[in-house]
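The values are calculated or read from the model by the stated rules, or taken from the named source; none is laboratory data. All values reported here derive from a predicted model rather than from experimental measurement. As a convention, Cβ positions derive from the backbone with ideal geometry for all residues, glycine included, and neighbour counts pool all protein chains shown. These area figures cover heavy atoms from the full protein model, side chains too; ligands, DNA and RNA do not enter into them. Shrake-Rupley method; radii C 1.70, N 1.55, O 1.52, S 1.80 Å.
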Amino acid sequence: MSLTLTVDGERWRGHLRRTATALPGLVPVAKGNGYGFTLGRLARRAHWLGVDTIAVGTYHELDDVAARFPGSLLVLSPWRPFTPRLSADLSRRVIHTVGRPSDLPDLLARDPQARIVLERRTSMLRHGLAPGELAPAVRVLAAAGQASGEGVAIHLPLSSGTGGAGSHLAEVHRLMREVAATDLVPRTVWVSHLDTADLTQLRSAYPDFSIRPRVGTTLWLGARDALAVTATVLDSHRIERGDPFGYRGRAAPRSGHIVIVSGGTAHGIGLESPTGELSLRARASTIARGGMDALGFVRSPFTIDGKQRLFAEPPHMQASMLFLPDNARVPVVGEQVAVRVRQTATTFDRIVIS
Ligand SMILES: *Cc1c(COP(=O)(O)O)cnc(C)c1O
């Protein structure tokens with residue numbers, strides 16, 4: 001009755017171990033829907049990996065991980081004066097990210113012993129201190145006797161390949177020169193979206209720095225063949241051309257079967273199947289076509305007998321209606337069919353890890 005994520009545990013855990021070994025100083029990122037696994041599960045897994053720190057996206061996510069992971073908890077969203085107060089226990093474990101000069105004295109006033117990472121803005125232009133603001137912030141933090149400076153954060157856009165025009169290295173080196181020119185103590189830099197080759201380069205260029213990669217996707221979702229997503233066939237109905245079906249009583253454009261599978265909008269099943277295709281032209285042509293085939297059906301992310309099937313109508317909240325043409329085998333009730341999902345936007349009913 002469910003949308004299920006099945007994990008080949010041995011493969012998955014093997015990949016996690018290899019990734020942690022390949023990335024010394026690794027900070028696993030556990031945020032959002034926990035990359036499909038839930039935050040609690042990722043927190044326990046990170047503890048099993050033996051890391052000393054994990055990163056959450058927001059302060060609201062701390063409660064889901066704090067009891068399951070005993071180490072330090074880096075919050076990626078920058079601290080703001082409207083951030084809720086932390087319990088005494090949490091405040092010793094949480095590492096705040098500060099990205100505006102004015103937030104630094106405010107946070108120190110609220111918690112003189114706060115643990116703080118200073119974020120330096122990158123070409124992403126999301127958060128962080130502007131050029132010229134980092135060195136003064138480092139001095140303010142050093143002068144605040146009880147507070148604990150934990151280094152500088154650099155959040156880069158997604159890499160488009162090592163060494164090429166889209167490489168991060170030029171930008172990272174520019175930012176690192178700025179960081180190195182400050183009196184930062186400890187000399188720790190938290191980076192995102194650098195691959196192992198970039199990290200190796202950076203470490204050899206700045207041997208007195210400790211480089212800590214913050215990684216979510218390539219850690220949790222890097223072993224794609226260890227993960228399988230399936231939906232359950234719940235029902236099927238023969239339909240003749242012209243027969244009405246669905247919420248709006250649409251007439252079937254030809255005969256076949258309506259097949260009902262588990263998985264709908266509440267799970268994050270969307271109208272467009274995720275293609276992983278980012279090119280604007282591909283997007284535009286999909287929109288131009290309305291994503292529809294000749295019968296006016298939209299492609300679904302559900303696959304039956306190796307073929308991606310059509311939605312008979314937009315997904316419902318917890319189930320989806322598919323249209324199967326006459327020549328296709330009709331799956332039996334209870335059968336599992338493959339689904340392509342965006343793991344970071346999907347809520348599974350069941351997660352089975354072997
Ligand atoms: C989400 C996030 C990450 C992890 O990103 P992935 O692409 O999943 O590895 C790292 N750093 C920051 C600041 C983030 O917000």
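Observations on the structure shown:
- Count - residues of region 101-123 that are closer than 20 Å to Thr182 by Cβ and away from the ligand (no atom under 16 Å from the Cβ): 9
- Answer residue from region 36-59, given it is free of Cβ contacts under 8 Å to residues at least 40 places away in the same chain and more than 21 Å from Ser192 (Cα to Cα) and is most open to solvent (accessible area, probe 1.4 Å) among those: Arg44
- Any hit, region 96-106, residues being modelled with pLDDT of 95 or more, open to solvent by 20 Å² or more (accessible area, probe 1.4 Å) and assigned to a helix (DSSP H, G or I): yes
- Any hit, region 234-254, residues being of a type outside the set (Gly, Ala, Ser) and within 16 Å of the ligand (Cβ to nearest atom): no
- Odd one out for Val75, checked against (1) open to solvent by 60 Å² or more (accessible area, probe 1.4 Å); (2) under 30 Å from Ile269 (Cα atoms): (1)
- Filter result (assigned to a loop (DSSP other than H, G, I, E, B) and either touching a residue at least 40 places away in the same chain (Cβ under 8 Å) or buried (at least 19 other Cβ atoms within 10 Å of the Cβ) (or both)) within region 1-24: Met1, Ser2, Leu3, Asp8, Leu23
- Whichever residue in region 124-147 is closer than 14 Å to Ser192 by Cα and either at pLDDT 95 or above or more than 14 Å from the ligand (Cβ to nearest atom) (or both) and, among such residues, is surrounded by the fewest Cβ atoms within 10 Å (Cβ to Cβ): His127
- Considering the conditions (1) surrounded by 20 or more Cβ atoms within 10 Å (Cβ to Cβ); (2) over 13 Å from His168 (Cβ atoms); (3) among the polar types (S, T, N, Q), Ser210 is excluded by exactly one of them, (1).
- Residue within region 250-261 that is at pLDDT 95 or above, open to solvent by 30 Å² or more (accessible area, probe 1.4 Å) and either over 30 Å from Phe297 (Cβ atoms) or in a loop (DSSP other than H, G, I, E, B) (or both) present: no
- Within region 60-72, the set of residues being open to solvent by 10 Å² or more (accessible area, probe 1.4 Å) and within 15 Å of the ligand (Cβ to nearest atom) comprises His60, Glu61.
- Those residues of region 195-205 which are open to solvent by 20 Å² or more (accessible area, probe 1.4 Å) and either touching a strand residue (DSSP E or B) at 6+ places or on another chain (Cβ under 8 Å) or aliphatic (A, V, I, L, M) (or both), in sequence order: Ala197, Arg203, Ala205
- Looking only at region 78-95, and only at residues there that are in a helix (DSSP H, G or I) and basic (Lys, Arg), the one that is surrounded by the fewest Cβ atoms within 10 Å (Cβ to Cβ): Arg92
- Annotation: of all residues in region 189-225 being of a type in the set (Gly, Ala, Ser) and more than 14 Å from Leu158 (Cα to Cα), the one that is farthest from the ligand (Cβ to nearest atom) is Ser204.
- Any pair with Cβ under 8 angstrom, 6 or more apart, that starts in region 187-215 at a residue that is without any contact (Cβ under 8 Å) to a residue 24 or more places away in the chain and ends at one that is in a strand (DSSP E or B) and surrounded by 14 or more Cβ atoms within 10 Å (Cβ to Cβ): Arg203/Ile211
- All positions within region 148-163 that are among the small types (Gly, Ala, Ser) and at pLDDT below 95: Ser148, Ser159, Ser160, Gly161, Gly163
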